[in-house]
1. For region 3-28, which positions are more than 10 Å from the ligand (Cβ to nearest atom), in contact with a strand residue (DSSP E or B) (Cβ under 7 Å, 6 or more places away or on another chain) and free of Cβ contacts under 8 Å to residues at least 60 places away in the same chain?
2. What is the one condition in (1) more than 8 Å from the ligand (Cβ to nearest atom); (2) touching a residue at least 60 places away in the same chain (Cβ under 8 Å) that residue 56 does not satisfy?
3. In region 188-229, what residues are closer than 20 Å to residue 23 by Cα and modelled with pLDDT under 95?
4. Can you spot a residue in region 196-219 that is more than 13 Å from the ligand (Cβ to nearest atom) and under 29 Å from residue 117 (Cα atoms)?
5. If a residue has to be more than 9 Å from the ligand (Cβ to nearest atom) and farther than 23 Å from residue 223 by Cβ to count, how many in region 31-50 make the cut?
6. Could you say which residue among 73, 134, 46, 88 is surrounded by 18 or more Cβ atoms within 10 Å (Cβ to Cβ) and modelled with pLDDT under 95?
7. Yes or no: residue 155 out of contact with any helix residue (DSSP H, G or I) (no Cβ under 6 Å at 6 or more places or on another chain) and crowded, with 22+ Cβ neighbours inside 10 Å?
8. Within region 54-65, is there a residue that is closer than 30 Å to residue 144 by Cβ, crowded, with 17+ Cβ neighbours inside 10 Å and in contact with a strand residue (DSSP E or B) (Cβ under 7 Å, 6 or more places away or on another chain)?
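The values are calculated or read from the model by the stated rules, or taken from the named source; none is laboratory data. Please read these numbers as outputs of a predicted model, since none were measured by experiment. Quick reminder, even Gly has a Cβ in these numbers, built from the backbone with ideal geometry, and neighbours come from all protein chains shown.
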Ligand SMILES: NC(=O)c1ccc[n+]([C@@H]2O[C@H](COP(=O)([O-])OP(=O)(O)OC[C@H]3O[C@@H](n4cnc5c(N)ncnc54)[C@H](OP(=O)(O)O)[C@@H]3O)[C@@H](O)[C@H]2O)c1
């Protein structure tokens, strides 16, 4: 129970990586506020995962939803910014302003707003852990992925900036950069056998990453086991970035 009595917020926890993180934190004793866009879906997740999970509908691109989540959660020790979208792929020259703004709103401004609301309390109490779920796409450009890559790269720099400012007040900030993980978001890359094969050829660990393999690292970053670690991006990609 390494997170006993801790309060966590995990965005985008109705499925995939966020759900695995929420389940892991709750198992370790935390009270976990989970968010996603639909209350019914979150209620079902809370039912499945059991006590310790508090479902609060929140579209992270909407300021009023964020304000409601923050008010419900109260004093938060651990913030996991996991919710993200990838609405547009294609040529670097082909995106319109609406797509650009939406990607920034959901993938970045949400993080800015949540940290702005929750970090002051963490700093005042002298402890806290902020974990931002980035991507290998934020470390290296992927074909047809300008908007997604750019938001994930910016998230890594936000993480480092937070770490620099909040570190002296006892608050750590780290990012995780997952490689290919088997979730709904990435099914275009793993459902088709030939595409999955191309990824496996580029990894030294030859299995498709699972949400729990990200959740284990998030647990370490959330807990005192990472008490001397801040401003880092932990790449969890089966060795994809080695090649
Ligand atoms: N899977 C991969 O291969 C991979 C690789 C690198 C990085 N990542 C990153 O890992 C994180 C989690 O992705 P995933 O693969 O677990 O995706 P996923 O299975 O599609 O889950 C995404 C989660 O985010 C929620 N969400 C989406 N838009 C939202 C919004 N506007 N407001 C609130 N919640 C929202 C979804 O809930 P609702 O739809 O119910 O709202 C869902 O719970 C993302 O940051 C992603 O960029 C994933």
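1. Taking region 3-28 first, the residues more than 10 Å from the ligand (Cβ to nearest atom) are 3-9, 23-28.
Next, from what is left, pick out any that are in contact with a strand residue (DSSP E or B) (Cβ under 7 Å, 6 or more places away or on another chain): 6-9, 25-26.
If the condition is that a residue be more than 10 Å from the ligand (Cβ to nearest atom), in contact with a strand residue (DSSP E or B) (Cβ under 7 Å, 6 or more places away or on another chain) and free of Cβ contacts under 8 Å to residues at least 60 places away in the same chain, then 26 is the only one that fits.
2. Of (1) more than 8 Å from the ligand (Cβ to nearest atom); (2) touching a residue at least 60 places away in the same chain (Cβ under 8 Å), only one is false for residue 56: (2).
3. Within region 188-229, the subset closer than 20 Å to residue 23 by Cα is 209-226.
Listed by number, the list is empty, since nothing qualifies.
4. Taking every residue of region 196-219 in turn, at least one turns out to be more than 13 Å from the ligand (Cβ to nearest atom) and under 29 Å from residue 117 (Cα atoms).
5. Here is the first cut: in region 31-50, the residues more than 9 Å from the ligand (Cβ to nearest atom) are 31-33, 39-40, 43-44, 46-50.
Now drop any that are not farther than 23 Å from residue 223 by Cβ, which leaves 39-40, 43-44, 47-48.
Matching residues across region 31-50 total 6.
6. On the way: 73 fails: modelled with pLDDT under 95; 134 fails: modelled with pLDDT under 95; 46 fails: modelled with pLDDT under 95.
From the options 73, 134, 46, 88, the qualifying one is 88.
7. Values: out of contact with any helix residue (DSSP H, G or I) (no Cβ under 6 Å at 6 or more places or on another chain): yes; crowded, with 22+ Cβ neighbours inside 10 Å: yes.
Against the criterion (out of contact with any helix residue (DSSP H, G or I) (no Cβ under 6 Å at 6 or more places or on another chain) and crowded, with 22+ Cβ neighbours inside 10 Å), residue 155 qualifies.
8. no
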